[in-house]
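Read through the structure below, which is laid out as structure tokens, and then see the notes.
The values are calculated or read from the model by the stated rules, or taken from the named source; none is laboratory data. Owing to the predicted nature of the structure, the values given are computational and were not obtained by experimental measurement. Virtual Cβ from ideal backbone geometry, glycine too; neighbours counted across all protein chains shown.
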Amino acid sequence: MIMRAFKNICFFLLLPALFIACETVIDPRLEEAEPILVVDAWINNKPEPQVVKLMKTQPYFDNSLPPGVSGATVTITDNQGKVYNFTEHPTKAGEYVWNPGANDVFGQSGLIYTLRIQNGSEQYTASARMGRVPPVDSITFRLEPGGQFANDLYLAEFWAVDPLEPGDTYWIKTWKNGQLLNKPSEILLAYDAGFSPGSNFSGITFIAPIRRGINPFETDENGNLLSPYVVGDSVYTEIYSLHEASFNFMQQVVVQTDRPGGFSELFATPLANVSTNIIPASPGARKAVGFFNVAAVSGNGRKFKSLDDVSN
């Protein structure tokens, strides 16, 4: 009995020390790698300036904006020989811009585009095909009754039909009241009218989970879901075509950024670098990261004016 009591006393004396140990701040010192080129080149056919951003990587714990890369030469050429020259912005280092003329847009679906970057003695290249994109026919609202212990939910839903032939990939972006839904959990990708290749959803209306993936979900102080949209809100949805390599890249981005956190992080997919299609094209050129895609875009929007807009 005396020995058991002694053990219990020791346990309670050591318990506070364990909690103090858990609060110890660890300041890891990581070896700094040599900065490499980062390419952000997501081009589309909307009638607006198109931008290629060149930056340098920086240390992991550096929270400042990555430094822009000035003085580079940036062009994009299609497989019919047309050249788009991107000139550096006069006040934004590292931003290279192509401005469309009157009644002009970038690119044409079905053509292959090649990005070329000359940065000092280093050259880089990347290629992507501009895919097709179906029109967003309409957006509707519907009611999902909440019952006694939950809120009524007004859900938005976009309607579009994937083209008949398989192999189309998309990034679906949505704006609520003019604000882009850009959380990692709100990145919405589609392969044909479904989520992945091999699902045989080509040539049909996008499946319901994708159509309804444009709803932002938040909770109140009691943990109850709030209605994604209420009367007075507006919603605007765009579909961007993706090169298949770009679709794979975006899937990797979702895996690496939409982390579960907490205890479940122990069983999550390990952190890893995502892929790139930026290829060094000159002797001695260091590797680069980032991605190049050219997209056709369609869009549609609607304002939730009254409860009469809700379909059954």
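Quick rundown of the values:
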item	result
Answer residue from region 184-196, given it is surrounded by fewer than 17 Cβ atoms within 10 Å (Cβ to Cβ) and without any contact (Cβ under 8 Å) to a residue 24 or more places away in the chain and is farthest from Asn300 (Cα to Cα) among those	Ser196
Unmet criterion (only one of (1) among the polar types (S, T, N, Q); (2) modelled with pLDDT of 95 or more; (3) surrounded by fewer than 19 Cβ atoms within 10 Å (Cβ to Cβ)) for Gln58	(2)
Test for Ile117: is it under 24 Å from Ala245 (Cα atoms) and either surrounded by fewer than 19 Cβ atoms within 10 Å (Cβ to Cβ) or not hydrophobic (A, V, I, L, M, F, W, C) (or both)	no
Qualifying positions in region 116-158 - of a type in the set (S, T, N, Q) and assigned to a strand (DSSP E or B)	Gln118, Asn119, Gln123, Thr125, Ser127, Ser138, Thr140
Search result, residues across region 244-281 that are among the small types (Gly, Ala, Ser), at pLDDT 95 or above and part of a loop (DSSP other than H, G, I, E, B)	Ala281
Identity of the residue in region 127-183, of a type in the set (Asp, Glu) and touching an Asp or Glu at 6+ places or on another chain (Cβ under 6 Å), that ends up nearest to Gly301 (Cα to Cα)	Asp162
Residue match in region 231-241 (condition: in contact (Cβ under 8 Å) with a residue 24 or more places away in the chain and either among the basic types (Lys, Arg) or out of contact with any Lys or Arg (no Cβ under 9 Å at 6 or more places or on another chain) (or both))	no
Candidates Ile117, Ile112, Ile43, Ile76 - the one that is under 25 Å from Asn300 (Cα atoms), among the β-branched types (Val, Ile, Thr) and modelled with pLDDT of 95 or more	Ile43
Yes/no for Thr87 being surrounded by fewer than 18 Cβ atoms within 10 Å (Cβ to Cβ) and not in a loop (DSSP other than H, G, I, E, B)	yes
Cross-chain or 6+ apart pairs with Cβ under 6 Å, region 67-82 first and among the β-branched types (Val, Ile, Thr), then surrounded by 15 or more Cβ atoms within 10 Å (Cβ to Cβ) and in a loop (DSSP other than H, G, I, E, B)	Val69/Gly94
Residue check, Val136 at pLDDT 95 or above, crowded, with 18+ Cβ neighbours inside 10 Å and either touching a helix residue (DSSP H, G or I) at 6+ places or on another chain (Cβ under 9 Å) or over 21 Å from Asp258 (Cβ atoms) (or both)	yes
Checklist (1) touching a Lys or Arg at 6+ places or on another chain (Cβ under 9 Å); (2) at pLDDT 95 or above; (3) over 23 Å from Gly284 (Cβ atoms) applied to Ala128, failing item	(1)
Filtered residues of region 185-198 (kept if outside any loop (DSSP other than H, G, I, E, B) and either touching a strand residue (DSSP E or B) at 6+ places or on another chain (Cβ under 8 Å) or over 20 Å from Val235 (Cβ atoms) (or both))	Glu186, Leu188, Leu189, Ala190, Tyr191, Gly194
Region 138-160 residues that are of a type in the set (Phe, Trp, Tyr), paired with ones that are part of a strand (DSSP E or B) and modelled with pLDDT under 90 (beta carbon under 8 Å, 6 or more apart)	Phe141/Ser311
Residue tally, condition closer than 20 Å to Ala128 by Cβ and at pLDDT 95 or above, over region 189-215	4
